[in-house]
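A short write-up of the structure that comes next.
The values are calculated or read from the model by the stated rules, or taken from the named source; none is laboratory data. On a predicted model such as this, the values are computed, not experimentally measured, just so you know. Because the Cβ atoms are built from the backbone with ideal geometry, glycine has one as well, and the counts that use them run over all protein chains shown. Areas reflect the complete protein model, heavy atoms only, side chains present, ligands, DNA and RNA absent. Shrake-Rupley method; radii C 1.70, N 1.55, O 1.52, S 1.80 Å.
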Amino acid sequence: MTRTPSDVDVVLPCLNEAEALPWVLERIPPGWRALVVDNGSTDGSAEVARACGATVVHEPRRGFGAACHAGLTAATAEVVCFCDCDASLDPSLLVPFVREVRDGEADLVLGRRRPRGRGAWPAHARAGNLALARLLRRRTGLRLHDLGPLRAARREQLLALDLTDRRSGYPLQMVVRAADAGWRIAEYDVPYLPRTGASKVTGTWRGTWQAVRDMSRVLGEPPAHGGGTVR
């Protein structure tokens, strides 16, 4: 995974994903850089990532948002992508996302997860996501269907959003602040596969409730001027 100045950085927040990492990293498009953000793994994830050619960033502060933001601040490419590294999403699907951002057709491109296979998306997690999408629509006017982790945008624009959530609310805060800033947001269907290993968030009712609580707090932020568009 060599890179040139025009390449893309893919941020992969990681907590004990040694089993899934090889599958994920071999699907990073040629020339792009994988930034695996180790969030305190105890299963050798960092060593596996390095062996597969990824750049490893260490973020000791636990939290999905903390890991994502550490990756964003470590990125240097013009376009930054985000993807889970549990093998539920294929990072090669980000190629058209990046093309749309580079062509100026959208400022933020999101993947709408479409479950493939039994157990890919537990019912309670899907219900929580749907409820949040409806609250997001009420808050911003955006008619999005999902708040999934597969996404792409320009690095400098993302940094300018001044994202502060370091827990499960980070992905939603990115969308809310992008909408408030008037960003053009696109959403495309992507296959969502059964993850490798146990989920830290959506695999349990408790984890899902915590994520919903974190995201509800984000939706309580006062709106800024502007308004995004979605297609």
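Listed values for region 18-24 are Karplus-derived 3J(HN,Hα) couplings in whole Hz (6.51 cos²θ - 1.76 cosθ + 1.60, θ = phi - 60°), namely 4, 5, 8, 4, x, 4, 5, and x replaces Gly and Pro. Surface composition of the chain: carbon plus sulfur atoms hold 52% of the accessible area, using a 1.4 angstrom probe and ignoring ligands, DNA and RNA.
Find out how many positive minus negative residues lie around Ser92, taking Lys and Arg as positive, Asp and Glu as negative, among other residues whose Cβ is under 10 Å from that of Ser92. Could you put the intermediate results ahead of the total?
Numbers: positive: Arg27; negative: Glu26, Asp90.
Here the count lands on -1.
Between the residues Val36, Tyr188, Gly65, the greatest Cα displacement towards the positive end of the dipole of the chain, with unit charges on the Cβ of Lys, Arg, Asp and Glu, is found for Tyr188.
Spin-label model, Glu19 to Arg213: label points 7 Å out along the Cα-to-beta-carbon direction sit 2.8 nm apart.
Dipole orientation for the chain: of the candidates Thr55, Met215, Val109, Met215 has the Cα lying most toward the positive pole (charges on Cβ; Lys, Arg +1; Asp, Glu -1). Annotation: per residue accessible area for the chain equals 45 Å², rounded to a whole number [probe 1.4 Å, protein chains only].
Specify which labelled value, from (1) 11.0; (2) 14.7; (3) 17.3, agrees with mean projected area of the Cα convex hull in nm² derived from the coordinates of the model shown. Computing mean projected area of the Cα convex hull in nm² and matching it to (1) 11.0; (2) 14.7; (3) 17.3 gives (1).
Can you tell me the dipole magnitude for region 75-195 around its Cα centre, using point charges on the Cβ only (Lys, Arg +1; Asp, Glu -1), in Debye to the nearest 20?
Working: 21 positive and 15 negative charges, 120 e Å.
It comes to approximately 580 debye.
Relative contact order, percent, of region 1-79 when contacts are C-alpha pairs under 8 Å separated by at least 6 residues? This gives 38 percent for region 1-79. Annotation note: trypsin sites (Lys or Arg not before Pro) in region 47-151 located in DSSP loop regions with a Cβ neighbour count of at most 10 within 10 Å are Arg118. Dividing the summed helix terms, -39500 (n - 2.57) for each DSSP H run of n ≥ 4, by the number of residues in the chain produces a 222 nm estimate of -10500 deg cm²/dmol to the nearest 500.
Just report the Cα centroid separation between region 122-161 and region 28-44, whole Å. Here the answer is 23 Å between Cα centres.
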